[in-house]
1. Going by what's in this entry, would residue 239 be described as more than 23 Å from residue 559 (Cα to Cα), open to solvent by 10 Å² or more (accessible area, probe 1.4 Å) and not β-branched (Val, Ile, Thr)?
2. Scan region 361-383 for residues that are open to solvent by less than 50 Å² (accessible area, probe 1.4 Å) and among the aliphatic types (A, V, I, L, M) and jot them down.
3. So, residue 46, is that one open to solvent by less than 20 Å² (accessible area, probe 1.4 Å), among the small types (Gly, Ala, Ser) and under 28 Å from residue 558 (Cβ atoms) or not?
4. I'd like the full set of residues that are open to solvent by 20 Å² or more (accessible area, probe 1.4 Å) and not in a strand (DSSP E or B), limited to region 682-706.
5. Within region 482-495, count every residue that is open to solvent by less than 10 Å² (accessible area, probe 1.4 Å) and either closer than 13 Å to residue 524 by Cα or in a helix (DSSP H, G or I) (or both).
6. Among what's in region 199-212 and is open to solvent by 20 Å² or more (accessible area, probe 1.4 Å) and of a type outside the set (A, V, I, L, M), pick the residue that is nearest to the ligand (Cβ to nearest atom).
7. Can you find a residue that is open to solvent by 20 Å² or more (accessible area, probe 1.4 Å), under 30 Å from residue 102 (Cα atoms) and of a type outside the set (A, V, I, L, M, F, W, C) anywhere in region 384-402?
8. Only residues that are more than 16 Å from the ligand (Cβ to nearest atom) and assigned to a helix (DSSP H, G or I): list them for region 137-161, please.
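The values are calculated or read from the model by the stated rules, or taken from the named source; none is laboratory data. Computed from a predicted model, the values in this text were never measured in an experiment. Here the Cβ positions follow ideal geometry from the backbone for every residue, glycine too, while neighbour counts run over all protein chains shown. Surface areas here come from the heavy atoms of the whole protein model, side chains and all, with no ligands, DNA or RNA. Shrake-Rupley method; radii C 1.70, N 1.55, O 1.52, S 1.80 Å.
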Amino acid sequence: MTYGSVLSVFVFAIAGLAAPSDSGTEQRIRALLGRMTLEEKIGQMSQSTSMARLTDEFREQIRKGRWGSFLNAGSPADRAEAQRIARTESRLGIPLLFARDVIHGYHTIFPIPLGQAASWDLSLIEQAARTAAREASAEGIRWTFAPMVDIARDPRWGRIAESPGEDPYLAGLVGAAMVQGFQGPDLKNLDALAACVKHYAGYGAAEAGRDYNSAWIPEVLLRDVYLPPFRAGLDAGAATLMTAFNTVNGVPATGNPFLLRQILRGEWKFPGLVVSDYEAISELIPHGFAATPRDAAREALKAGIDMEMVSTAYWDHLKTLVASGQIPESLIDQAVSNILRLKFQLGLFDVTPVAPAQSHVTPESRAIAQRLATESVVLLKNQDRLLPLSKSVRSVAVIGSLADSPVDQMGTWVMDGQPADVVTPLAALRRMLGDDRVLYARGMVNSRDSSKAGFPDALAAARRAEVVLLFLGEEQILSGEARSRAFLNLPGAQSELVTEIAKLGKPVAAIILSGRPLTFHEVADQVQAVMWAGHPGTMGGPAIADLLFGEAVPSGKLTVTFPRTVGQVPIYYAHLNTGRPAPPTELGIPLGNPANPQGYTSKYIDVDFTPEYPFGYGLSYTTFEYSNLRVETPVIRRNGMLKVSAVISNHGTLEGTEVVQLYVHPVAASVAQPVRLLKGFQRISIKSGKSETVTFNVPARDLAFHNQKMQLVNEPGRYQVWIAPDSAGGLEGQFSLEQ
Ligand code: NOJ
């Protein structure tokens, strides 16, 4: 792209911006910009991560305005002092912005985002983010790099743990709830964190699930699947956005005028701050997109990156790029305006620098963490109603290192959570049942251990106990950034341990802690009950203990498909039908062993084409029945509202909470649409023996999709609609959409 054409896109983008903030703030920004040297401007556009301590060198740099922001800087006391220097000793008194990855909690750690989403409880997710914001802001942090709203449909990708899952509608709502929680009612409040929707865009579509890998995403998929959660986060008021490491259709997201200038600033009119990911500007060179750091700086700024994280291409080259006329200073002014605006919005210019403070886990934050952990656990199997267990059980064997590993329980991206604050399942079970009735054996040193040296102790404990609780899964370090896996099985000797224990013939419940969907088909076959608990955070232990013993009833539902085997990946519920969909009669193919090939339909010959557990799936201790589907609006118009209801009855003996889901599918469309798409859900509690009518009102505009010309349209025609307990079942009805 030539410089001239970039400029014209840019002009268009600026002209399209929404009124970004009040006119008083805009005046203050202009006045300040007018007094800043070019060097001071470029300093604002630079974020450092190297201030582990506030050294004399950093004091001097802050006085000179070398940095606009610090990531992971020093202690609360260092941050407070650095802010004091910036405010009172730098030439223009421009405050610093302290950032940190407050992803799923600060001191109090909530479940990983994939777990939080499984609660489908938006208000609780918002409360968790609010709590994290209070704890972090008290220690001088005002910017978090969350929520991550990357759609993740590949469990090999380690960062699926940080994602709300595979569905754009749900991911958008979860992301928006987090934005509202982090930012609170007003960014100016001292306990507000500016949120950052990331990683724009397509990071979760890394080829083969290998982190940082290229993403090839047709525009229609970008617009219908990968971009909507970003839009939802920005509509919820997210102040900032981070670009992704990856290329999208060959162009790095961090130098991508189509994503940043055309869509983000042009179509969406985003007025906020855009930050690169960690060294992503200098990574334009290995990407093969820029030849030198100078080219990288130019391309990133032209594309619209306001602040550079960690690498120093801006600092090193923008000055000469301006001097040589390759970059107009107006581009720099625009970027600096976006940065200063956020600092004004956060009130950083207006408050007196405060003394450092320390925040702590509190009884209130623990209560939220425990509730969210409880709601995030998904019951996958409960044969013969093994669960809930009776508290009068003679003894339980608790087996597995993950039963008592605070760090693993907290999961990925935890920098400020203290292991000492964590209550593990083992500790919670001992508290609940007394030490004497809980027999603990690790079985293996950690989840990857392939030694069987610990098996005899584990088997001895299991033999002595009435019931076995097996804690399986993945340690914390196996998921998260740069933690892609090519196998999705339980690592180490875990499967063998399960087989040995199952031979004893005792009732066994497996609790799986992991940052991703795993494949554990054979394990599930050998035990009576299976729960997926993600990495449930500080209060995961009491949450799991309560669920196992019926103090709480499971209500979580998966927000990502669990495959039968890694060979099915990517597998997700919202796929297209193909011209030759396999009928249900073609199920029952033995896993891994090619059957006598039959038919010419879209399937595998060595595993069923369906997943192990579908999106939206999760059991309860009670039984819900769906009946009386009523499509109250059999014909709707483009500006109308779809109204559908069903009766949900609790036929069990316990009160329970059900996540009722609404899916839609246009029968014929100009661009083939997924077999089902989630368009609504409700969490409802129903008492034993009672029924509730659940009604969904869906605006017709929510049914729009992109046509061949990339226009967002409501196409007329017949639609199927389901009210369902998960993406694979439910009651089906029909309606028509008219022009
Ligand atoms: C790299 C990660 O991709 C991003 O999510 C994170 O916010 C930054 N590092 C800062 O730690």
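1. On the way: more than 23 Å from residue 559 (Cα to Cα): yes; open to solvent by 10 Å² or more (accessible area, probe 1.4 Å): yes; not β-branched (Val, Ile, Thr): yes.
Judged against the criteria, residue 239 is a match.
2. 361, 368, 369, 372, 373, 377, 378, 379, 380
3. So residue 46 fails the test.
4. Hits for region 682-706 are 687, 688, 689, 690, 701, 702, 704.
5. Residues in region 482-495 being open to solvent by less than 10 Å² (accessible area, probe 1.4 Å) and either closer than 13 Å to residue 524 by Cα or in a helix (DSSP H, G or I) (or both): 2 in total.
6. Of everything passing the filter in region 199-212, 212 is nearest to the ligand (Cβ to nearest atom).
7. Checked region 384-402: no residue is open to solvent by 20 Å² or more (accessible area, probe 1.4 Å), under 30 Å from residue 102 (Cα atoms) and of a type outside the set (A, V, I, L, M, F, W, C).
8. Pass one, region 137-161, residues more than 16 Å from the ligand (Cβ to nearest atom): 137-140, 153-156.
Matches in region 137-161: 137, 138.
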